[in-house]
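Report on one structure; see the data block that follows.
Just so it is clear, none of the values below were taken in a lab; they were calculated from the coordinates. What you see is a predicted model; the values in this text were computed from it and never measured. Cβ coordinates were reconstructed from backbone atoms using ideal geometry, including for glycine residues, and neighbour counts include every protein chain displayed.
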Amino acid sequence: MRDDIDQIIFDFDGVIADTENCRYEAFKQVVSPFGKEVETRFLDYHKHNGGKSRFHKFQNLFENILREPADQNKIQELCDNYSQIVVKTYNSTMVFPEVIQFINNSLNQYRMSVVSACETTELLGLLNKIGLMSRFDFVCGSPPEKTDLLAKLQAQGLITEKALYVGDTLNDWEACVANAIAFSAYNMKPTQLGRLPCGLHLTNLNGLLEI
């Protein structure tokens, strides 16, 4: 056990579970009625903005792709449709076995929690579906965006001064930097990894115990 860490906060998508294809296909189904050009532009934005919430991405759809006012009721409807597709297609085979092993082996050493861009109700449902919910002190998702969410949890005393966040995107890292939270990257794409400061990438979670 490391003395400089007393809490590990996990991202969900890309860290606990490989949901990339599941979420890509869900977004594709939701935006396809807007036409092929809109679909292509939206999915490109989605791929280059990992760690951003669906609320943010659908707001961008209206404001910067459709070029019309972002109707919050329409955004919520798209979010609800998206969530239904994700919950329906998600399954336990998407979970990374190494992560489950690490969590189970570290339960008595660290407080553990999940903070994700995934919507909170959906996140709770997915963790319950794979039997992991009981492993975490708390689970929290969007809204708000991750930078504001981490700040809110710090203000509530839920994130300790020795907390470490494990994420897979530059947006995760930037949110941690903004809130002075230690960060380690896991499963980060090579295109983003090159922009991350040296020494923050984990090839496996057991590396957390060796840093």
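When the chain is treated as a GNM, springs tying every alpha-carbon pair under 10 Å, which of Val139, Val15, Val31 comes out with the largest mean-square fluctuation? Of the options given, Val31 has the highest mean-square fluctuation. Charged side chains reduced to their Cβ positions (Lys and Arg at +1, Asp and Glu at -1) give the chain a dipole of some 240 debye around its Cα centre. If you take the Cα atoms of the stretch 140-211, find Rg, then find the Kirkwood Rh from the mean of 1/r over all pairs, what is Rg/Rh? When Rh is taken as the Kirkwood radius, the ratio is 0.97. Size of the stretch 22-144: Rg and Dmax of its alpha carbons, in Å, are 16.3, 51.
Take the convex hull of the alpha carbons in the stretch 42-105; its mean projected area over all directions comes to 5.7 nm².
Checking the Cα-Cα distances for Lys28/Lys162; Lys36/Lys146; Lys52/Lys162; Lys57/Lys189 against a 28 Å cut-off, the pairs over it are Lys28/Lys162; Lys36/Lys146. For the options Glu68, Glu20, Glu122, a Gaussian network treatment of the chain with springs between C-alpha atoms closer than 10 Å singles out Glu68 as fluctuating the most. Placing unit charges on each Cβ (+1 for Lys and Arg, -1 for Asp and Glu) gives the chain a dipole about its Cα centre, and among Ser113, Pro197, Leu132 the Cα reaching farthest toward its positive end belongs to Leu132. Calculated translational diffusion coefficient of the chain (10 °C, 1.306 mPa s; Stokes-Einstein with Kirkwood radius over alpha-carbon pairs) equals 90 µm²/s.
Mean projected area of the convex hull spanned by the Cα atoms of the stretch 103-189, taken over all viewing directions: 5.8 nm². Dipole orientation for the chain: of the candidates Phe12, Ile85, Leu158, Ile85 has the Cα lying most toward the positive pole (charges on Cβ; Lys, Arg +1; Asp, Glu -1). Given +1 at the Cβ of Lys and Arg, -1 at the Cβ of Asp and Glu and no other charges, the dipole of the stretch 99-147 around its Cα centre is 180 debye to the nearest 20.
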